[in-house]
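Please treat every number below as a calculation from the coordinates, not as lab data. As the structure is a computational prediction, the values presented were derived from the model and not from experiment. So basically every Cβ, Gly included, is an ideal-geometry build from the backbone, and we count neighbours across all protein chains shown.
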């Protein structure tokens, strides 16, 4: 399920930086925003991430919020961009946002944290960012919910998977997924990942361990 405040996100797109998804079912909310189930079609993707060596890691449509039970308007309203969670994160996956939240027509969120998985992933039992947040922007009713909290959803692109580009076996995403949300199915004589969205939390382990550049499996924000 995706959620946005633009009523027609299909109206613009840029070159090849497009998401391969289409609207299967859409519903307008009371506040004028839209929620939809996606599969196929084109959306604008403007969030580009890079590995430490400068190579392209992933291109996202939606930013990934840090762990919180709040929806993004409330999270961004409470967050003061103090940077404590960024400093506390042992995986170095939190970073100050630049223009990532503009996809929601929010233009004053610079410096407020977003997640990216070039250096690590969001470990299910870690909650240091929540512990240091004094404003309640990062909060959960029960800290045990952190293990199953959905911060995003993994996507797979067979065009960049080394099983298809180099014809070599790879199961890195399957082996490292802490939620057992990925299995393998056969394609062109090699096995590729299939993601179970009911089990996937968007933790980023699959993206972090994927050896492809750009990443063949990556996380989109909610």
Legend entry - Alpha-carbon spread of the range 76-121, three principal axes, descending order, Å: 30, 20, 12
Legend entry - Highest-first arrangement of 197-207, 175-185, where packing means the average Cβ count within 10 Å: 197-207, 175-185
Inset, instruction - Pop a pseudo-label 7 angstrom from the Cα along the beta-carbon direction at both residue 139 and residue 71 and give the gap in nm to one decimal. - result: 1.7 nm
Legend entry - Point-to-point label distance, residue 46-residue 213, nm (Cα→Cβ direction, 7 Å offset): 2.7 nm
Inset, instruction - Could you work out, for the range 46-221, what percent of all Cα-Cα pairs fall into each 5 Å distance bin, beginning at 0 Å and stopping at the bin that holds the largest distance? - result: 1, 9, 17, 21, 20, 15, 9, 5, 3, 1, 0
Inset, instruction - Fewest Cβ neighbours within 10 Å first, please rank 135, 118 accordingly. - result: 135, 118
Legend entry - Two-site label geometry, residue 55 and residue 131: point separation in nm, points 7 Å out along Cα→Cβ: 3.5 nm
Inset, instruction - Provide the descending list of Cα extents for the range 123-185 along its principal axes, expressed in whole angstroms. - result: 49, 18, 15
